[in-house]
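J.: Let me give you the structure first, and then I'll get to my questions.
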Amino acid sequence: MRLDESASPRWAGQATGCAFLLVALVWFVSALLRGSVTRWTKLGQSAECQSNLTYAARGLRMYADDWDDTLPAATVWTRNVLPYVSDQRQLHCPAVIGPDQSSRYGYALSPDVAGKPRSAVSDTARTPMVYDSTDLKANASDPVTSLPQPGRHLARAPSGGPLDPADFGAAVDGHVDARMVP
C-alpha cells in the first residue's frame, strides 16, 4: 500500500485482530511466567531458609560448646549467637525480610532447650531448637506454637510427590528438616 492510498476496511480489521491477538498472547505468557517466577522465588527462599537454620543451629551449638554445654537464654539468644555466625542475615528468614533487615527475624528458639544444657535433652534428633515463626522480633521464643500456617516455604514429602507448604526447623543435634516440626 502506498502513502497516497487509504487502507481498506478489511485490511484495517485484520490489523486490529492481529494486534489484539498479539496483546492477548503477551498477557498469557506473562501470566505463565509470573507464576513460574513466584514458584522459583519460593524454592530459592526455601533453600536459603534451610541454610540459615543450619548456620543458626551451628551457632547455637558453638555457643553451647563455649558455655559449659548450655544453650543461650531465650531472651537474648539472637544477640548471643551473632558472634558464631558469619553473617547477621543467617538469623533472618528470607521469606520475611523487609526493607530494614534488622527488624524482622522470623525464627524462634524453643523454651524447652533455652538456657539448658544440651545433655539434658533426651532426644536431640527430634527436639526442635530453632524454627520458622510468625513472631518476627529478635529473640522470639515459644513452645513451637508460632509456626506459620500454612507453611511459608515449599518442601517435598519424604515419599516424593508435589511440593507442599512447609515450615523448617533445626533440631538440637543440628539437622534441619521440614518434618521435624509438628
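The values are calculated or read from the model by the stated rules, or taken from the named source; none is laboratory data. Just so it is clear, the structure is predicted and the values come from calculations on it, not from any experiment. Reconstructed Cβ throughout: ideal geometry from the backbone, glycine too, with neighbour counts over all protein chains shown.
J.: Kindly indicate which of A125, A138, A157, A166 is surrounded by 20 or more Cβ atoms within 10 Å (Cβ to Cβ) and either in contact with a His (Cβ under 6 Å, 6 or more places away or on another chain) or small (G, A, S) (or both).
T.: A166
Results for (1) modelled with pLDDT under 90; (2) outside any strand (DSSP E or B); (3) more than 27 Å from G59 (Cβ to Cβ); (4) more than 18 Å from the chain's Cα centre (by Cα), shown as yes or no for each residue.
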position	(1), (2), (3), (4)
A138	no, yes, no, no
P143	no, yes, no, yes
L147	no, yes, no, no
L154	yes, no, no, no
D164	yes, no, yes, no
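J.: Going through region 121-134 one residue at a time, which ones are in a loop (DSSP other than H, G, I, E, B), out of contact with any Phe, Trp or Tyr (no Cβ under 8 Å at 6 or more places or on another chain) and not hydrophobic (A, V, I, L, M, F, W, C)?
T.: Selection gives S122, D123, T124, R126, T127, T134.
J.: Only residues that are in contact with a helix residue (DSSP H, G or I) (Cβ under 6 Å, 6 or more places away or on another chain) and more than 27 Å from P165 (Cα to Cα): list them for region 81-128, please.
T.: V81, Y84, V85, R118
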